[in-house]
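What follows is a single structure, and I will ask about it in a moment.
The values are calculated or read from the model by the stated rules, or taken from the named source; none is laboratory data. Bear in mind the structure is a predicted one, so any value in this text is a computation, not a measurement. Cβ: placed from backbone, ideal geometry, glycine included. Neighbour counts: every protein chain shown. Please note that ligands, DNA and RNA were not included when accessible areas were found on the heavy atoms of the full protein model with its side chains. Shrake-Rupley method; radii C 1.70, N 1.55, O 1.52, S 1.80 Å.
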Amino acid sequence: MNTTHPKSTTFSTESRIAAFIGIVLFIYLILRSIYTPILHDEVATFFYYIQTGVFFPPEAHWDANNHILNSLLSHWSYLVFGSETWALRLPNVLSYPLYVWSSWKIASEIPVQFRIGKWSLFLSLIMAHYMFEYFGEVRGYGMSMAFLLFGIYALRNYIKRQTALWLATTLFAFFLATAANLTLIYSSVLILIPILIVIVRLKAVIQIKLGHFVLVLVTIALFSPLVNFAFELKNRGALYYGGKSGFWDYTGNTLSELFFGYYSTAIAGVLILLTLVIAFVFLFDWWKQKYTLPELITLPQFIWVYLLIGSIFAIFGTRYILDVNFPEDRAAMYLYPYFIASLIFTIGLSSAALPKTLRILIVCLPLYVPVHFLFSVNLYTASFSMEERAPQDFFDYISSQENTSEYPLTVGGYVTQELCWFYMNHQQGGKQGRLLYSNHIDTLCDFQIVDQKRELPPGFLNSYKKVNATPINNLNLYERTQTLRKEKITDTTGITNWVHNDNEFFEFIQFPIPDSLRGKPLYIGVQSVLDVKAAPSYMSLTVSQKRPDQSEVIQEPLRLDWLKKEWKDSDGAFSQSFVIPRIDEETDYLVLYLWNQKKKEFLVHSGKVEIFVLEAE
């Protein structure tokens, strides 16, 4: 196939069209970053890493949620612009233009005679809505895709030009991509083979070759903390995402559903068939043209097919050798650009005698993705876990209700909704209570956030009425119509630790449980003034049910540092409530205590605790 490039006027016109599309998408992305409600995983990133500024192992909280580069850049954005959702998402948003530019540069390797393939590749890369959403979220996957595609573009230039600058650019881009998304370790290791082939065959003085080798060695040294981080996460059981039952069960299935909108056996068959076609056509070209290995790696299609097949082998290898889960959805997102680019480059540039109509049909298949994008355009929903976001409307409604109690209204919900609830509470000064999730759906709280698909407990609607609903989240908000009577059983006042100290635990109250309270629900109200020398405080207020040997039966925790970052004497007063759904039969006594996890100096004074038993009217 003739690979001459289009005339500059044609190229310039196409480039302007591509830039216009990119600008429109960028504006849409900015709007999504402002208006799309925050996801619980984003909130976890905020509380564990962005607010604390602690994201480097081993000091950081051990979890795969810590996409280190994303945490770092979002922390800087937080320091400049604050904790608004758009500010936390800004680093990922700003990476999208790099992704669009890199996608256009990569697509431009397809010759003008096959322009349909060029546009099919470009549009299917930049208009995959599932991937696009991550450029507007605080997750790291978006920016990792931008650095990944830029790194592949740089690698193609290094293979062609063989300069130290392009090599350094390639290695640094892949380092940034992996620092933002550890699943790209496979790709970063795979690219070393073509790079080393180029270095070995460099027609240059030995000093230049050594310089290139040194760049590779320095990069390997830079990668070693990331590799160690990945292995430590595995050892701690933090690489929990995905599963072991099969590659297609977790990887192919979820990618198909999220990128194409649905999954079926027919779709699976088509994708597997296309992957086999890619491999066959690529190998056929290699055999027919009798390429040497150095010649092969110069082909535009090589790097994509190599990364696609190599990544699949790496996934299977780590599954059966290291017992790592098969990745699903976002953890395998990088396979999408590998597959699309492999398909279009391999079929479009193949020397195989494929009928022109068939060639065009195959490379046009990915155009389904931008069409699906157009039908997915919105500002308020995401492809992932909408039901796990406690809606802002619910929070605002509850906050606006008249409350005659000196303690916050109680709210029940699902455990994954707690993070979004904490974030909304944090943004409003931490005045509302925690979300009770240990016994959901209960009939004890003033309000209940309930999935519309869940069956309500018997008699639930006799005590609650629906006051709000969010169809996009499939959630209803119920308000109690019949109050529960609170009978006080004990209280204590004047609680203090007298002076600032760094004790790990401080006890507000210890209450022995009589037989008459076993199996009954309790309500605990607590008020105090808290002054902490450091921010965030890393403190939790916890109600724990204990056995006679002091072992714990169950606990209900409240993260104070998630309510507010700073607790100062001047504005450190808090008022909180706990609903204990049931006193366990094994419980000997109940204790309410402050856990000072990082042993920061603190002072508690003017503390008060009241304990009530809840009874229906």
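Where the only charges are on Cβ atoms (+1 Lys, Arg; -1 Asp, Glu), what is the dipole of segment 389-503 about its Cα centre, to the nearest 20 debye?
Approximately 260 debye in magnitude.
Continuing with the same structure: Starting from the Kirkwood Rh over alpha-carbon pairs, what translational D in µm² s⁻¹ does segment 89-238 have by Stokes-Einstein at 25 °C and 0.890 mPa s?
In µm²/s, the coefficient rounds to 148.
Please report the base-10 log of the normalised intensity I(q)/I(0) for segment 198-279, using a Debye sum with one equal scatterer per alpha carbon and no solvent, at each q in 0.20 (1/Å).
Cα-only, vacuum Debye calculation for segment 198-279: -0.88.
Taking the Cα atoms of segment 258-357 alone, what are Rg (to one decimal) and Dmax (as a whole number) in Å?
Considering segment 258-357 through its Cα atoms, Rg and Dmax are 15.0, 45 Å.
Taking θ as phi - 60°, what are the ³J(HN,Hα) couplings along segment 15-23 by the Karplus curve (6.51, -1.76, 1.60), each to the nearest whole Hz, with x for Gly and Pro?
Karplus-based 3J(HN,Hα) across segment 15-23 equals 4, 5, 5, 4, 5, 4, 4, x, 5 Hz.
Using 0.36 nm per residue, how much length does the chain from LEU79 to TYR240 gain when fully extended, once their Cα-Cα distance is taken away?
Roughly 54.9 nm would be gained on extension.
Taking the Cα atoms of segment 48-100, what is the range of coordinates along each of the three principal axes, in descending order and whole Å?
Each principal axis gives a Cα extent; for segment 48-100 these are 34, 23, 13 Å.
Could you name the lysines whose alpha carbon sits less than 27 Å from that of LYS288, not counting residues in the same chain fewer than 8 places away?
LYS118, LYS160, LYS356
Moving on to the next point. Relative contact order for the chain: what is it in percent, counting Cα pairs under 8 Å that are at least 6 residues apart?
13
Turning to a different aspect of this structure: Roughly what angle does helix 164-180 make with the longest principal axis of the chain, taking Cα atoms, 0 to 90 degrees, to the nearest 10?
30
For segment 528-617, what size does the Cα cloud have along each of its three principal axes, sorted from largest down, in whole Å?
For segment 528-617, the Cα extents along the three principal axes come out at 40, 35, 21 Å.
Two-decimal Rg/Rh of segment 297-346 from alpha-carbon positions, Kirkwood Rh?
The Rg/Rh ratio comes out at 1.05.
Testing the spin-label approximation: label points 7 Å from Cα along Cα→Cβ at ILE34 and PHE20. State their distance in nm.
Label-label distance for ILE34 and PHE20, simple model: 2.4 nm.
Separate question: Roughly how far apart, in whole Å, are the Cα centres of segment 163-235 and segment 419-482?
Going from one Cα centre to the other spans 50 Å.
Which value at 222 nm does the chain reach when only helices count, each DSSP H run of 4 or more adding -39,500 (n - 2.57), with the total divided by all residues and rounded to the nearest 500 deg cm²/dmol?
Calculated from helices alone, the mean residue ellipticity at 222 nm is -15000 deg cm²/dmol.
Let me ask you something else. Identify, among ILE360, TYR380, SER400, the residue whose Cα sits farthest towards the positive end of the charge dipole of segment 353-424, taking +1 on the Cβ of Lys and Arg and -1 on the Cβ of Asp and Glu, with the dipole about the Cα centre.
The residue sitting most towards the positive pole is ILE360.
On to the next question. Using the Karplus equation 6.51 cos²θ - 1.76 cosθ + 1.60 (θ = phi - 60°), what ³J(HN,Hα) coupling, rounded to whole Hz, does each residue of segment 26-33 give in order, writing x for Gly and Pro?
Along segment 26-33, the couplings run 5, 5, 4, 5, 4, 5, 5, 5 Hz.
Quick one: dipole size for the chain, taken about the Cα centre, charges +1 on Lys/Arg Cβ and -1 on Asp/Glu Cβ, in debye to the nearest 20.
Rounded to the nearest 20 debye, it is 3300 debye.
PRO408: net charge of surrounding residues, Cβ under 11 Å, Lys/Arg +1, Asp/Glu -1, itself excluded?
With Lys, Arg at +1 and Asp, Glu at -1, the net is 0.
Next question. Cα atoms only, the chain: Rg and Dmax in Å?
28.5, 90
From the cross-link list LYS565/LYS608; LYS466/LYS486; LYS565/LYS599; LYS486/LYS568; LYS431/LYS546, which pairs have alpha carbons spaced over 20 Å apart?
LYS565/LYS608; LYS466/LYS486; LYS486/LYS568; LYS431/LYS546
Let me ask something additional. Calculate, for GLN401 and LEU283, the FRET efficiency according to 1/(1 + (r/R0)^6) with r their C-beta to C-beta distance and R0 56 Å; round to the nearest 0.05.
Approximately 0.25, to the nearest 0.05.
Right, here's the next one. Would you work out which of ALA18, SER33, ASN65 lies farthest towards the positive end of the dipole of segment 2-102? Charges go on Cβ: Lys and Arg +1, Asp and Glu -1.
The one lying farthest along the dipole's positive direction is ALA18.
Per residue, how many Å² of accessible area does segment 269-339 show with a 1.4 Å probe?
Each residue of segment 269-339 exposes 44 Å² on average to a 1.4 Å probe.
Do any trypsin sites (Lys or Arg not before Pro) in segment 266-363 lie in a loop, going by DSSP, with at most 14 other beta-carbon atoms within 10 Å of their beta carbon, and if so which?
LYS290
Carbon and sulfur: what percent of segment 447-560's accessible surface (1.4 Å probe)?
Roughly 47 percent of what the probe reaches on segment 447-560 is carbon or sulfur.
With +1 on the Cβ of every Lys and Arg and -1 on the Cβ of every Asp and Glu, and nothing else charged, how large is the dipole of segment 240-356 about its Cα centre, in debye rounded to the nearest 20?
It works out to roughly 280 debye.
Taking the highest mean first, how do the peptides 227-235, 497-505 order by number of other beta carbon atoms within 10 angstrom per residue?
227-235, 497-505
Order of 236-245, 521-530 by packing, highest average Cβ count within 10 Å first?
Packing order, densest peptide first, comes out as 521-530, 236-245.
While we're here: Helix 85-107: angle to the longest alpha-carbon principal axis of the chain, degrees 0 to 90, nearest 10?
Rounded to the nearest ten degrees, it is 10.
If you don't mind, another one. How big is D for segment 75-167, in µm² s⁻¹ as a whole number, if Stokes-Einstein is applied with the Kirkwood radius of its Cα pairs at 10 °C and 1.306 mPa s?
The Stokes-Einstein estimate is 109 µm²/s.
If you don't mind, there's one more thing I want to ask. Near the amide H of TRP567, under 5 Å away, which other amide H atoms are found, from residues 5 or more places off or on another chain, if H is placed in the peptide plane?
Close amide H contacts, sequence-distant or interchain: VAL532.
Then there is this: Measure out, as a whole number of angstrom, how far apart the alpha-carbon centroids of segment 60-133 and segment 291-309 sit.
A separation of 25 Å, based on Cα centres.
Any chance you could give the angle, 0 to 90 degrees and rounded to 10, that helix 265-289 forms with the longest Cα principal axis of the chain?
Tilt relative to the chain: about 30 degrees.
Looking at TRP286, ASN425, VAL543, which one has the Cα that reaches farthest to the positive end of the dipole of the chain (charges on Cβ: Lys, Arg +1; Asp, Glu -1)?
TRP286
Further question on the same structure: Tell me, what is the FRET efficiency for ILE206 and HIS605 to the nearest 0.05, using R0 = 56 angstrom and their Cβ-Cβ distance as r?
In this case the efficiency is close to 0.15.
In addition: In terms of Cα to Cα distance under 25 Å, which lysines are near enough to LYS244, apart from those fewer than 8 places away along the same chain?
LYS234
May I pose another question? Restricting attention to the alpha-carbon atoms of segment 1-152, what are Rg (one decimal) and Dmax (integer), both in Å?
In order Rg, Dmax, the Cα atoms of segment 1-152 give 17.9, 56 Å.
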